[in-house]
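The values are calculated or read from the model by the stated rules, or taken from the named source; none is laboratory data. As the structure is a computational prediction, the values presented were derived from the model and not from experiment. Note that we place each Cβ from the backbone using ideal geometry, even for glycine, and neighbour counts take in every protein chain shown.
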Amino acid sequence: MSTGSVEVIYRGIFQKTLAKNICRGIVLAARREGKIGIAFGRYGDSPERNGIPAKQFAVVSDNSEELEEHLAKYEPDNNDVTIVVDDALCKGVESWAWYGLQPINKLLADGGTLVVTSTQSANKLIKTVHCKGAPYNLAIVKSPASFSGLWVYKDDHTDVRLLGALTKVAPQIVSLESMLEAIKEQWKDDLKVASAKKAYNAVESTPVGADQGNDEVPFSFDLPGWTKMEEGLVIRGMDAKPQDVPGRDGGYVPTRNETFKKFSTRTMRPVINFDTCTKCTLCWLNCPDTCFDITPDGFYDANMEACCGCGVCEAVCPVNECVTMVNEEAFENHDSQWEMWGKDKEGYLAWLSEKITHLPARSHGFHHVGQYAEEIADDPA
Amino acid sequence: MTPPDLAVAEKIDGPSGETEELISGSEAIAHACRLADVDVITAYPIRPYDTVMQYVSQMISNGDFDCEFIVAESEHSQFEIVKHASVVGARVFCGSSGVGWFYAFEALAVTAGLRVPMVAMVGNRALDDPGAFGVEHNDALAVRDLGWMLNWVSTAQEALDTALIAYRVAEDPRVSLPCAISCDGAFLTHSQTLVKVPAQETVDSFLPPYDRAEKQLHPDNPITIAPQVNEDWLMEMRRQNDMAMRRARGVIIEAYEDFNAKFGRSGEPFIERYMMDDAEIALVGMGTLAMPVRVAVRKMREQGKKVGFVRVRWFRPFPTIELQDVLGRVHAVGVIDRDYSFGSAFHSGVLATEVRSALYPMENPPKIISFIAGLGGREVNADNVIEMADMAFDAAGGGDINDQDTHWIGVRE
């Protein structure tokens, strides 16, 4: 009697089909071994929203009684494998309709395997993942994050490569042979079968110690009981102190909800050259997440706990080389850029120049005709 | 014994400034809106509710009433507009009938969930198949599970009084729930009787201004109402809703006591007991059914038959305690539904199912016979009522009346 479950963490819309292919692939392959299973998305997610962290699951079992224990749940809470299809998600997951940050390895069973598509080294990646408090394994499938467009699926074989790798790290769920047969049957494409096999051979697991990783305690809060909640579905605005805002003498000044941060949606972040900023206010006005703080000297400082990385600020900024979007991978913390600049202007400029070398791979869909052809031409795989 | 609902026709010394008018139930509701100084009213025509909007617009054009009167493009918009007006601090009134009420259903459901103290009038009407506009109670009953307070009135006077009471109860911060007043189509909405219309000062002494206090949506009071929630919040919100409905019971009792003190009338809050003191069997019903039932009860009393009548005034909150008290003393109860609930237990109507449920935990519950009568606005006459009462007597005496089925009265075989 055995049951296995796999969690796939992906980004809304751009990786929805990818996640679905992986989870369906697992169930259909296990079926060839006489097992039964289910594949499902986490109901509270909103996978049609750009870049929002979301989840799909596959649970397979050799008997219906055990499988039933995993049904009628939103999230299987003890997964043999957690697959992450964008390494920027390793910093944590806060999905739509989810309150609080969930460490990427939170639902991974002790001793289970975290499989990540990444071009980073295992050592670097482990530092971004929260400490689990129990040993587990990290397996890297060498690949940049595979993002498709809104209406197309970029079939770059990431799905079958992960399926192949899965059979290496968790053969108890399904064997490589069954997986290859299932891939052949589903896609009728020998190249996809070859990709799965290649990934199986290439993937290596690194053991991660209980204390290894980011030791920051993820923010959390208690949900109030019905006797403590305000009646009438009323949520109070949080009043900032007017003296915090230059030029304001009273009135209501909104501030941010300390327990609702949205940064895990971000794959790129703005960096700001305050020396070129003209204080035109456009970034502050247009930011859909109200993430710009007004500084005492009248600049606009993008708050990195609230920024979703949409890039609107860069698009509306009228100054050349003021706001630049940079790949999120290049950052380790959420520190205020304005404070860094205030402390050491020359040092900040050097930091800024270095960050700007990490331009984001803007592959959230295709922006011009022929882009797909260019991308596959450049892809060494 | 004088029928209590018609007692207003007698000369009673009312509070000063009260006038007597010959008006319909709909016009009585319009007067209540004027006296309650309602701020926003939305309208969309459907018979029989639309008579209210006619009277309201007439009062506005005559300069007797100052309020925002918005003719919406559908019932859905009608109820959405007042819902939003209510959260910014406006006292609101709305209404509809039959499938018009159903067209607003999405708005109706969230109005209760949002704890918006809207007062609405439902001119009870059949659910339109095919175009029928006679009275049935299924329209208003459709919201019975959602947090709407529901009551049925039987006279124009009761309609006016209950509308004033409804504002006081709905807007009480201990409750803050919407309230729908059901008026039977035709018999109440389109029939004029003598009604005592109270003076403004009396109403003002009874009904405080609507005050949402810190729950008022206003730039100076930055709040969000009803943000998206899921399984981690909603159950707590439903529990709050449940408690509000439980608290409504006490607030209703308070309001009737105070209404009685200020206006010199009101009766028992939740039910009307007619000739129940020594009754051996009881009939139970809602709305204008009361008239033929009371006529029949008096006729049967003349023949020495100890029958009484219980009129359910408030359906939500349901008067479980009162019904256990009054019906626990009789041998058999005949529940008359002017509604249907196809496929329900014993194929009963909604009221019978609810009464049966309320009496089930009693030690010696009476036999319960359920009837469906008067659908589609069909008249229920005294002979129909006597037929039902006789069946209840038969059941009480150990006869072979089937209490595990529902009897359709006045239907052509």
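Quick look at the numbers
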item	result
The listed residue being touching a strand residue (DSSP E or B) at 6+ places or on another chain (Cβ under 9 Å) and among the small types (Gly, Ala, Ser), out of A:Gly342, A:Gly311	A:Gly311
Residue match in the range A:81-98 (condition: among the acidic types (Asp, Glu) and over 27 Å from A:Gly209 (Cα atoms))	no
Total residues in the range A:31-45, condition within 14 Å of chain B (Cβ to nearest Cβ) and surrounded by 16 or more Cβ atoms within 10 Å (Cβ to Cβ)	3
Any hit, the range B:340-349, residues being out of contact with any Asp or Glu (no Cβ under 9 Å at 6 or more places or on another chain), of a type in the set (Ser, Thr, Tyr) and assigned to a helix (DSSP H, G or I)	no
Residue check, A:Leu180 within 14 Å of A:Val27 (Cβ to Cβ) and of a type outside the set (Phe, Trp, Tyr)	no
A:Lys73 being within 14 Å of chain B (Cβ to nearest Cβ), basic (Lys, Arg) and not in a helix (DSSP H, G or I)	yes
Top-ranked residue in the range B:172-189 [being under 21 Å from B:His137 (Cβ atoms) and hydrophobic (A, V, I, L, M, F, W, C); ranked as surrounded by the fewest Cβ atoms within 10 Å (Cβ to Cβ)]	B:Ala186
Restricting the range A:209-235 to residues that are touching a Cys at 6+ places or on another chain (Cβ under 9 Å) and surrounded by 14 or more Cβ atoms within 10 Å (Cβ to Cβ), the residue that is nearest to A:Phe263 (Cα to Cα)	A:Asn214
All positions within the range B:214-260 that are more than 14 Å from chain A (Cβ to nearest Cβ) and touching a helix residue (DSSP H, G or I) at 6+ places or on another chain (Cβ under 9 Å)	B:Arg249, B:Val251, B:Ile252, B:Glu254, B:Ala255, B:Tyr256, B:Asp258, B:Phe259
Selected residue [within 14 Å of chain B (Cβ to nearest Cβ), surrounded by fewer than 17 Cβ atoms within 10 Å (Cβ to Cβ), touching a residue at least 40 places away in the same chain (Cβ under 8 Å) and of a type outside the set (Lys, Arg)] from A:Gly133, A:Gly149, A:Gly100	A:Gly100
Condition met for B:Glu379 (within 23 Å of the chain's Cα centre (by Cα) and at pLDDT 95 or above)	yes
Unmet criterion (only one of (1) surrounded by fewer than 16 Cβ atoms within 10 Å (Cβ to Cβ); (2) in contact (Cβ under 8 Å) with a residue 24 or more places away in the chain) for A:Lys73	(2)
Residue match in the range A:287-294 (condition: more than 22 Å from A:Tyr348 (Cβ to Cβ), at pLDDT 80 or above, β-branched (Val, Ile, Thr) and surrounded by fewer than 20 Cβ atoms within 10 Å (Cβ to Cβ))	yes
Qualifying residue in the range B:377-399 (condition: among the aliphatic types (A, V, I, L, M), part of a loop (DSSP other than H, G, I, E, B) and closer than 18 Å to B:Pro292 by Cα)	yes
Residue in the range A:356-371 that is surrounded by fewer than 18 Cβ atoms within 10 Å (Cβ to Cβ) and at pLDDT 90 or above present	yes
Pair list, Cβ under 6 Å, 6 or more apart: the range B:41-57 residue in a loop (DSSP other than H, G, I, E, B), other residue hydrophobic (A, V, I, L, M, F, W, C)	B:Tyr44/B:Ala72; B:Arg47/B:Phe133
The range B:9-24 residues that are under 20 Å from B:Ala261 (Cβ atoms), paired with ones that are in a loop (DSSP other than H, G, I, E, B) and modelled with pLDDT of 95 or more (beta carbon under 8 Å, 6 or more apart)	B:Gly14/B:Pro198; B:Pro15/B:Pro198; B:Pro15/B:Ala199; B:Ser16/B:Ala199; B:Gly17/B:Pro198; B:Gly17/B:Ala199; B:Glu18/B:Pro198; B:Glu18/B:Ala199
Selection within the range A:342-355 - under 20 Å from A:Asn327 (Cα atoms) and either aromatic (Phe, Trp, Tyr) or out of contact with any helix residue (DSSP H, G or I) (no Cβ under 9 Å at 6 or more places or on another chain) (or both)	A:Tyr348, A:Ala350, A:Trp351, A:Ser353
Pair list, Cβ < 8 Å and 6+ apart or interchain, from the range A:210-239 residues that are closer than 29 Å to A:Ile104 by Cβ and within 7 Å of chain B (Cβ to nearest Cβ) to residues that are hydrophobic (A, V, I, L, M, F, W, C) and assigned to a loop (DSSP other than H, G, I, E, B)	A:Leu223/B:Trp233
Test: residue in the range A:96-103 that is assigned by TED's automatic domain parsing to the domain that holds A:Thr167 and within 21 Å of A:Asn21 (Cβ to Cβ)	no
Hits in the range B:204-213 - residues which are of a type in the set (Asp, Glu) and within 14 Å of chain A (Cβ to nearest Cβ)	B:Asp211
Residues within the range B:11-31 that are out of contact with any Ser or Thr (no Cβ under 8 Å at 6 or more places or on another chain) and under 22 Å from B:Phe187 (Cβ atoms), tallied	6
For A:Glu66: the one exception among (1) touching a Gly at 6+ places or on another chain (Cβ under 8 Å); (2) in contact (Cβ under 8 Å) with a residue 40 or more places away in the chain; (3) not in a strand (DSSP E or B)	(1)
Qualifying helices (runs of 4 or more DSSP H) (wholly inside the range A:118-226; at least 2 residues being touching a His at 6+ places or on another chain (Cβ under 8 Å))	A:190-202
Test result for B:Asn230, polar (S, T, N, Q) and either outside the structural domain of B:Val38 (by TED's automatic domain parsing) or closer than 15 Å to B:Leu114 by Cβ (or both)	no
Of the criteria (1) outside the structural domain of B:Ala373 (by TED's automatic domain parsing); (2) surrounded by 22 or more Cβ atoms within 10 Å (Cβ to Cβ); (3) more than 30 Å from A:Ile235 (Cα to Cα); (4) not acidic (Asp, Glu), which one B:Ala332 fails	(1)
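Quick grid of which residues meet (1) surrounded by fewer than 24 Cβ atoms within 10 Å (Cβ to Cβ); (2) in contact with a strand residue (DSSP E or B) (Cβ under 8 Å, 6 or more places away or on another chain); (3) outside any loop (DSSP other than H, G, I, E, B):
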| position | (1), (2), (3) |
| --- | --- |
| B:Glu73 | yes, no, no |
| B:Ala109 | yes, no, yes |
| B:Gly123 | no, yes, yes |
| B:Leu146 | yes, no, no |
| B:Ile165 | no, no, yes |
| B:Ala170 | no, yes, yes |
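Residues are listed down the side, and each one gets a yes or a no for (1) of a type in the set (Val, Ile, Thr); (2) within 23 Å of the chain's Cα centre (by Cα); (3) at pLDDT 95 or above:
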position	(1), (2), (3)
A:Phe299	no, no, no
A:Cys308	no, yes, no
A:Glu321	no, no, no
A:Val326	yes, yes, no
A:Glu329	no, yes, no
